[in-house]
Every structure is written in structure tokens, then in C-alpha cells.
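Please read the structure below before turning to the comments.
The values are calculated or read from the model by the stated rules, or taken from the named source; none is laboratory data. Here the structure is a predicted model, which is why all the values come from computation and not from measurement. Cβ placement follows ideal geometry from the backbone for every residue including glycine, while neighbour counts extend to all protein chains displayed.
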Amino acid sequence: AQSVAQPEDQVNVAEGNPLTVKCTYSVSGNPYLFWYVQYPNRGLQFLLKYITGDNLVKGSYGFEAEFNKSQTSFHLKKPSALVSDSALYFCAVRWKTSYDKVIFGPGTSLSVIP
Amino acid sequence: NAGVTQTPKFQVLKTGQSMTLQCAQDMNHEYMSWYRQDPGMGLRLIHYSVGAGITDQGEVPNGYNVSRSTTEDFPLRLLSAAPSQTSVYFCASSYGGRTDNIQYFGAGTRLSVL
């Protein structure tokens, strides 16, 4: 069965330190990979996506993500965390059958400590 | 540019009542979807539509109906509300035709069924 895992429910990091939010997936074929962020009482907002090409993808607000095909992972990273980065982060995988299919991971809550 | 608009923002229902969650988008997107968000489970797809007049079931369709008479609107109907349907509901839209298109989310409807 197709699935997306985010192995950490919660990630805590000190402001100014690098952060990593992990995502692994099990989807056949060559799916497209996305990261979305959700701030309290808001809908999800797009951060970045991987389609093809360079394994390091740059997105909004200084975030980047590294795609690893052999490990089927797509980890979200930022070199220097800000308190304002504290939010819920979702990894999503999308692929095409007869129609587009998408699965979201369970989410990882990121807390950046001043 | 309003994007994706969901109404109401909050709703309390009694078991057995019916209601309709509204979703409208002004971006001329072909794809629209309804998700529910429950703690630790990410977003789960309820129903989706690939264009006016075309809908299909997602992962958790039981107890919900949808229709798509126009490109702009995609209402979600709860036929007979149950406490298990207490959740936060998100509507999303995207351009059709490409699986790498990003999704745009509404701000959500928080539903409690007593």
C-alpha cells in the first residue's frame, strides 16, 4: 500500500540552529514530492516540491529539501531556524493513475526555542 | 484575489443533523478536494473532483456526499452527522492536467458533533 511517514511527531530546535524534518515514502513509480506548512488555525501553505533533476530543492522562507531516491526520502531542512518557523509541517506525495492521487504524512510539529 | 474560501469557520451539530460545508475558489482550478484533519493522522482525502460534473471517492468517503455543478464550487454534505465526524475540514484546489501542480487550501471548517 502507498504510504508516507514522518517518523517524528515533534522536533525541537534552538533558534539559529539548523533544522531537519524527516519524510519517507512508499509509492510505486516516480511520484512528485511536496512540503506544506500549517500555522495555527490556518490552512496548509505550499513550501516546495521535487519533480525531477537536482536532488536539492529550494523553496519559500529559506527552506530546502533533499531528495534521496534510494532511501525514498525527502527531508526538509533549513540552515538557521527562526522562532517564526514554529508550525506543523506536512510531507505529501502525488502521483498519477487514472487521476491524480495524493497522500499526506501525519505531520511533524516544529518548535523553535528562543 | 480570495483564493479558496470555506464557510462556515466553526459549526456545532447534534448527532443526526445534516449540513453542508461550502467551498469556493476563484482561480479557475479544475481539481478540488475535501480533506479531514485529525490529530496524528495527517490529512485524509474524503472526495475529490477533476472538473464540473465529475467527482470520485477518496480514502474516507462514508457519511459524506459531494457534487460539482460549477468550476468554482464544491460543497461537502454531511447526511446524518455522527460524533466520529468531529474534525477540521479543509478544501483544496489546483490546476488540472499536471501532477506537479501545487494545492491551495482554504482556512478550514472546525466541526463538532455532539
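At least 2 residues being farther than 22 Å from A:Thr97 by Cβ is the threshold, and among the strands (runs of 3 or more DSSP E) wholly inside the range A:1-79 those reaching it are A:10-14, A:19-21, A:32-38, A:44-50, A:56-58, A:64-68, A:73-78. Cβ-Cβ distances below 7 Å connect no pair with a first residue in the range A:99-114 that is closer than 18 Å to B:Ser94 by Cβ, a second residue that is assigned to a loop (DSSP other than H, G, I, E, B) and modelled with pLDDT of 95 or more, and a separation of six or more residues or different chains.
The residue that is farthest from the chain's Cα centre (by Cα), counting only those in the range A:87-97 that are farther than 22 Å from A:Gln10 by Cβ and within 9 Å of chain B (Cβ to nearest Cβ), is A:Lys96.
Can you name the strands (runs of 3 or more DSSP E) wholly within the range B:16-76 that have at least 3 residues being in contact with a Gly (Cβ under 9 Å, 6 or more places away or on another chain) and within 13 Å of chain A (Cβ to nearest Cβ)?
Numbers: elements: B:19-25, B:31-37, B:43-51, B:54-57, B:64-66.
Passing ranges, in order: B:31-37, B:43-51.
Residue check: is A:Gln45 of a type outside the set (A, V, I, L, M), touching a residue at least 60 places away in the same chain (Cβ under 8 Å) and either on the phi < 0 side of the Ramachandran plot or within 12 Å of another protein chain (Cβ to nearest Cβ) (or both)? No, not satisfied.
Taken over the range A:98-112, the criterion of being more than 7 Å from chain B (Cβ to nearest Cβ), small (Gly, Ala, Ser) and either within 14 Å of the chain's Cα centre (by Cα) or assigned to a strand (DSSP E or B) (or both) is satisfied by A:Ser109, A:Ser111.
Would you point out which residue out of A:Pro40, A:Pro31 is at pLDDT below 95, more than 12 Å from the chain's Cα centre (by Cα) and surrounded by 14 or more Cβ atoms within 10 Å (Cβ to Cβ)? Break it down stepwise before answering.
On the way: A:Pro40 fails: surrounded by 14 or more Cβ atoms within 10 Å (Cβ to Cβ).
Step by step, each of A:Pro40, A:Pro31 is checked, and only A:Pro31 is at pLDDT below 95, more than 12 Å from the chain's Cα centre (by Cα) and surrounded by 14 or more Cβ atoms within 10 Å (Cβ to Cβ).
Quick check on B:Ala81: is it more than 29 Å from A:Tyr50 (Cα to Cα), touching a residue at least 12 places away in the same chain (Cβ under 8 Å) and in a loop (DSSP other than H, G, I, E, B)? Show your work before the answer.
Details: more than 29 Å from A:Tyr50 (Cα to Cα): yes; touching a residue at least 12 places away in the same chain (Cβ under 8 Å): yes; in a loop (DSSP other than H, G, I, E, B): yes.
So B:Ala81 passes the test.
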